[in-house]
Amino acid sequence: MFDVEKIRQEFPILGIQVNGKNLVYLDNAATTQKPKSVINSLVKYYETRNSNVHRGVHFLSDKATTEYENARSNIARYINAEKPHELIFVRGTTEAVNLAASSYGEIAVKAGDEVIVSYLEHHSNIVPWQLLCERKGASLKVIPVNDSGELDIEAYKKLLNGKTKIVAVNHISNSLGTINPVKEIIRLAHDAGAVVLIDGAQSVQHTKINVLDLDADFFAFSGHKMYGPTGIGVLYGKEKLLDSMPPYQGGGDMIQNVSFEKTTYNELPYKFEAGTPDISGAIVLSDAVDFILSAGIENIANHEHEILEYGTAKLREIDGFRLIGSAKKKASVISFLLDGIHPYDTGMILDKMGIAVRTGLHCTEPLMKRFGIPGTVRASIAMYNTKSELDLLVEGVKKAKKMLL
Ligand code: PLP
């Protein structure tokens with residue numbers, strides 16, 4: 001059984017006060033809070049196991065290496081990857097997309113080719129592809145969204161053609177919460193001969209991921225949005241693709257032999273992990289995965305959905321409340337505006353009440369332009385949020401309206 005009060009006790013930060021009020025943390029799409037098991041694991045790593053990996057014969061190095069590789073295997077199981085070495089540890093989703101765009105883009109895209117992204121993308125799943133297109137003389141095509149914030153799949157079908165080499169879309173939109181039909185998007189891209197990167201930054205913590213079932217070629221995510229530490233993330237890639245790609249960065253660990261005449265490269269995944277990796281980050285991310293598994297990903301999804309529906313319905317009762325993004329399939333994000341009030345002002349007043357929300361463009365400037373708005377107020381939900389916290393949000397929004405109008 002999913003017991004939200006018990007879950008909350010695992011997150012020390014949820015007990016703090018902000019501006020004299022109990023913290024209501026609703027900025028989970030930006031980053032989630034960390035449970036004790038994750039925090040303690042980080043301390044334990046530095047107190048008892050700290051060493052560099054893959055380089056030493058001594059006890060600590062062996063232990064750190066084993067745990068680092070065990071973490072890779074555990075996270076691979078979590079997303080149902082076939083082989084652990086299909087997971088490259090990176091700093092986060094941003095670095096994962098940059099790695100794929102630089103390295104796979106290098107061999108796959110040439111002048112005249114096309115790369116498809118969508119209006120719903122975070123800047124980190126736009127700009128790396130734009131840079132690639134500029135370098136190669138290729139063009140960037142964009143899947144439009146309808147007024148509810150859903151991708152226009154018919155328009156997507158028309159964009160696909162023999163020149164399409166890569167399709168890069170998110171699984172769940174960080175700004176609107178739209179759950180995209182990624183399995184269908186991938187199938188259509190494959191039919192057209194294109195390779196697909198799924199930005200899973202907002203899905204790994206909310207829904208079961210099965211990269212094999214999706215048939216995703218690349219899947220990117222960040223540890224800090226899934227109850228893990230900052231500075232660690234994953235690029236999953238199919239072995240065949242990763243094998244065919246040139247290294248992304250040069251340095252220690254990614255090589256087999258180095259001479260001034262010619263360097264040969266290490267096998268997967270090390271070919272893409274130059275230098276000392278975020279060892280503690282990877283190990284602790286695996287603990288975050290265990291934490292999610294112990295709560296149960298389906299329980300989490302059900303709980304968050306209930307909170308989402310509850311909060312949305314209550315907020316909709318407020319005069320002048322405008323929901324931005326009303327897709328039929330949505331997860332854990334309530335993006336909104338109050339008529340006549342700038343989102344930043346609403347956010348400031350909520351902060352005075354101890355309520356943390358995000359305001360602004362959410363790194364999705366083209367999407368905000370598409371809706372003709374200066375940004376939104378975004379409340380984003382995690383497994384530890386409660387209905388009474390959403391009640392406080394509703395109260396806060398009413399107060400902001402009273403003060404600002
Ligand atoms: N993609 C999406 C959908 C996101 O929500 C974010 C972060 O908000 C990113 C990519 C970038 O993630 P990171 O900053 O952890 O690299």
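Filtered by the rule that a residue be within 20 Å of Gly228 (Cα to Cα), surrounded by 22 or more Cβ atoms within 10 Å (Cβ to Cβ) and in contact with a Pro (Cβ under 9 Å, 6 or more places away or on another chain), region 270-285 gives Ser280, Gly281, Val284, Leu285. Do we find that Gly228 is among the small types (Gly, Ala, Ser), touching a helix residue (DSSP H, G or I) at 6+ places or on another chain (Cβ under 7 Å), assigned by TED's automatic domain parsing to the domain that holds Glu82 and farther than 24 Å from Val127 by Cβ in this structure? Answer is yes for this residue. Within region 24-48, residues that are within 29 Å of Val377 (Cβ to Cβ) and in a strand (DSSP E or B) reach partners that are more than 16 Å from the ligand (Cβ to nearest atom) and of a type in the set (Gly, Ala, Ser) with beta carbons closer than 8 Å, at six or more positions or on different chains, in the pairs Val24/Gly354. Taking the criterion of being in contact (Cβ under 8 Å) with a residue 60 or more places away in the chain and more than 25 Å from Tyr384 (Cα to Cα), the residues of region 332-354 that qualify are Leu338, Gly340, Ile341.
Screening Gln130 with (1) in contact (Cβ under 8 Å) with a residue 24 or more places away in the chain; (2) within 23 Å of His171 (Cα to Cα); (3) more than 13 Å from the ligand (Cβ to nearest atom) gives one miss only, at (1). What residue, among those in region 368-392 that are in contact (Cβ under 8 Å) with a residue 12 or more places away in the chain and surrounded by fewer than 17 Cβ atoms within 10 Å (Cβ to Cβ), is nearest to Ile300 (Cα to Cα)? Out of the qualifying residues, it is Lys387. Checked against (1) touching a residue at least 40 places away in the same chain (Cβ under 8 Å); (2) under 26 Å from the mean Cα position of the chain (by Cα); (3) in a helix (DSSP H, G or I), Ala64 passes all but condition (2). Among the residues of region 224-241, those that are within 25 Å of Ile166 (Cα to Cα) and not in a loop (DSSP other than H, G, I, E, B) comprise Gly233, Val234, Leu235, Tyr236, Gly237, Glu239, Lys240, Leu241. I need the full set of residues from region 325-343 which are in a loop (DSSP other than H, G, I, E, B) and out of contact with any helix residue (DSSP H, G or I) (no Cβ under 6 Å at 6 or more places or on another chain), in order please. Hits for region 325-343 are Gly325, Ser326, Ala327, Lys328, Lys329, Ala331, Asp339, Gly340, His342.
Residues that are of a type in the set (A, V, I, L, M), assigned to a helix (DSSP H, G or I) and more than 16 Å from the ligand (Cβ to nearest atom) within region 361-405 comprise Leu390, Leu392, Leu393, Val394, Val397, Ala400, Met403, Leu404, listed in sequence order. Residue count for region 75-101 satisfying the condition of being assigned to a helix (DSSP H, G or I) and either more than 15 Å from the ligand (Cβ to nearest atom) or of a type in the set (A, V, I, L, M, F, W, C) (or both): 12.
The values are calculated or read from the model by the stated rules, or taken from the named source; none is laboratory data. Keep in mind that what you see is a predicted model, and the values were worked out from it rather than measured. Methodologically, a virtual Cβ is constructed for each residue, glycine included, from the backbone with ideal geometry; neighbour enumeration extends over all protein chains shown.
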